[in-house]
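Peer 1: First the structure, then my questions, so here it is.
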Amino acid sequence: MTDQMQQIVLKQYCEGVPKPDDFVLETKDAPTPNEGRFRVRHVFNSVDPGTRSRLSGGDSYAAALPLGKPIDGFSVGIVDASKHPDYPVGTKVFCAGGWRTHTIQTGKGFIGKIPEAVPLPLSLWIGVLGVPGLTAWFGLKTVASFKEGDRVLVTSAAGPVGATAGQLAKAGGAEQVVGIAGSDTKCQWLVEEAGFDHAINYKTTPDLDAAIREAMPKGVDLLFDNVGNAMINRVLPMMRLNGRICVSGQVADYNLSPEETPGIVNTKPFITHRVNMQGLVVFDFAHEFPVALNEMATLIGKGELKLKEERFDGIDKMPEAFCGLFRGENFGRRVVKVGDE
């Protein structure tokens with residue numbers, strides 16, 4: 001049994017773009033489970049843009065993280081000590097473990113057993129089969145009421161949420177799926193591997209509005225947005241009658257103060273085109289997770305759902321892996337290997 005564990009805690013509140021110095025690595029005694037609990041030895045941890053909203057000292061849709069506390073995140077690992085009858089030693093699970101090498105779990109909340117009958121890499125259960133994939137699934141199908149024949153625009157489309165949402169739309173019979181990403185390499189992957197109809201590099205396009213209109217001359221039925229207010233404001237005049245906007249993430253706004261955050265002023269289409277806009281917290285749909293996971297696992301097995309993953313090695317790499325998300329360096333889901341499989 002392991003005697004020590006490591007974890008990354010918040011050293012100081014983040015101002016603007018997070019920096020590795022905002023975090024510190026701690027080593028401490030590994031916890032032992034009491035009756036009805038079990039310990040998970042993490043193999044992979046995730047870094048998630050949405051975590052940024054808790055790191056400035058102010059509350060958002062989740063309470064601010066106190067200084068000195070471990071950073072939130074999702075993990076996949078193996079039970080290595082147990083006093084819980086349903087989770088014996090050796091059980092592989094995904095869970096809300098955070099930036100640590102070990103956690104104590106109760107079997108409640110966001111946790112699930114990884115089916116041995118599904119021979120997929122462990123890391124996928126905190127990627128396309130984790131919160132990113134589930135966010136794409138429920139954001140597209142439930143929140144935005146996707147239907148066959150929709151013309152879909154996806155922002156931050158090469159990220160794990162955007163890429164999954166776009167592919168699910170294609171698999172569901174979308175008439176057109178267009179992605180916006182930040183490099184030619186990402187755009188090429190979206191079209192050639194992920195099956196998007198078109199992709200726009202927002203960093204090199206001189207007029208993004210014109211590029212979207214040219215790519216989608218009939219307008220946008222569904223905007224799946226992971227970027228923020230400025231992007232929504234840009235696309236609103238292009239929405240079709242009864243268009244839907246899913247506010248999935250706000251990666252461009254997470255590092256801004258309320259005073260710096262752009263407003264949404266192109267509001268007339270909400271009336272003239274009956275546009276509906278709604279956000280989501282994916283855990284609202286927890287009771288439906290098994291159905292979504294089963295269907296996405298089937299798509300992966302058939303080769304119909306492509307994914308891109310970046311791996312870092314060692315828990316000490318977690319701050320840099322996280323900070324790079326806000327410099328646009330990531331291409332796909334970022335996971336950090338923190339233990340042996």
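The values are calculated or read from the model by the stated rules, or taken from the named source; none is laboratory data. These numbers were taken from a predicted model, which means no experiment stands behind them. Ideal geometry is used to build each Cβ from the backbone, glycine not excepted, and the neighbour counts take in all protein chains shown. Quick note on the areas: whole protein, heavy atoms, side chains included, nothing else; ligands and nucleic acids left out. Shrake-Rupley method; radii C 1.70, N 1.55, O 1.52, S 1.80 Å.
Peer 1: Any residue in the stretch 254-273 that's touching a residue at least 24 places away in the same chain (Cβ under 8 Å) and farther than 29 Å from ASP221 by Cβ: show its pairings with residues that are aliphatic (A, V, I, L, M) and open to solvent by 50 Å² or more (accessible area, probe 1.4 Å) at Cβ separation under 7 Å, as long as the two are six or more apart or on different chains.
Peer 2: Matching pairs, first to second residue: ASN255/VAL17.
Okay, residues lined up against (1) more than 18 Å from ASN276 (Cβ to Cβ); (2) in a loop (DSSP other than H, G, I, E, B); (3) over 18 Å from the mean Cα position of the chain (by Cα):
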site: PHE138; (1), (2), (3): no, no, no
site: PHE146; (1), (2), (3): no, yes, yes
site: ALA158; (1), (2), (3): yes, yes, no
site: LYS170; (1), (2), (3): yes, no, yes
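Peer 1: Please go through the stretch 279-320 and give me each residue that is farther than 15 Å from LEU129 by Cβ, touching a helix residue (DSSP H, G or I) at 6+ places or on another chain (Cβ under 7 Å) and open to solvent by 70 Å² or more (accessible area, probe 1.4 Å), ordered by number.
Peer 2: GLU320
Here is a yes/no grid of residues against (1) crowded, with 18+ Cβ neighbours inside 10 Å; (2) at pLDDT 95 or above:
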{"position": "PRO119", "(1), (2)": "no, no"}
{"position": "GLY130", "(1), (2)": "yes, no"}
{"position": "LEU140", "(1), (2)": "yes, yes"}
{"position": "SER145", "(1), (2)": "no, yes"}
{"position": "VAL152", "(1), (2)": "yes, yes"}
{"position": "PRO160", "(1), (2)": "yes, no"}
{"position": "GLY166", "(1), (2)": "yes, yes"}
{"position": "GLN176", "(1), (2)": "yes, yes"}
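Peer 1: Now, a different point. Kindly list, by first and then second residue, each pair from a residue in the stretch 31-52 that is open to solvent by 20 Å² or more (accessible area, probe 1.4 Å) to a residue that is of a type in the set (Val, Ile, Thr) and assigned to a strand (DSSP E or B), limited to pairs with Cβ atoms under 6 Å and residues at least 6 apart or on different chains.
Peer 2: Pairs found: PRO31/ILE104; ARG37/ILE104; ARG41/ILE78.
Peer 1: Restricting to the stretch 184-195, and then to whatever is touching a residue at least 40 places away in the same chain (Cβ under 8 Å) and open to solvent by less than 80 Å² (accessible area, probe 1.4 Å), can you tell me which residue is nearest to GLU329 (Cα to Cα)? It would help to see each step written out before you state the result.
Peer 2: Taking the stretch 184-195 as the starting set, the residues that turn out to be touching a residue at least 40 places away in the same chain (Cβ under 8 Å) are 185-186, 189, 193-195.
With the extra rule that they be open to solvent by less than 80 Å² (accessible area, probe 1.4 Å), the set shrinks to 186, 189, 194-195.
Numbers: LYS186: 11, TRP189: 15, ALA194: 19, GLY195: 22 Å.
If we take residues in the stretch 184-195 being touching a residue at least 40 places away in the same chain (Cβ under 8 Å) and open to solvent by less than 80 Å² (accessible area, probe 1.4 Å), then LYS186 is nearest to GLU329 (Cα to Cα).
Peer 1: What pairs come out if I take residues in the stretch 319-341 that are free of Cβ contacts under 8 Å to residues at least 12 places away in the same chain and pair them with residues that are surrounded by 21 or more Cβ atoms within 10 Å (Cβ to Cβ) and of a type outside the set (Phe, Trp, Tyr) whose C-beta lies under 9 Å away, six or more apart or interchain?
Peer 2: Listed by first residue and then by second, the contacts come to GLY324/VAL47; GLY324/ASN330; GLY324/ARG334.
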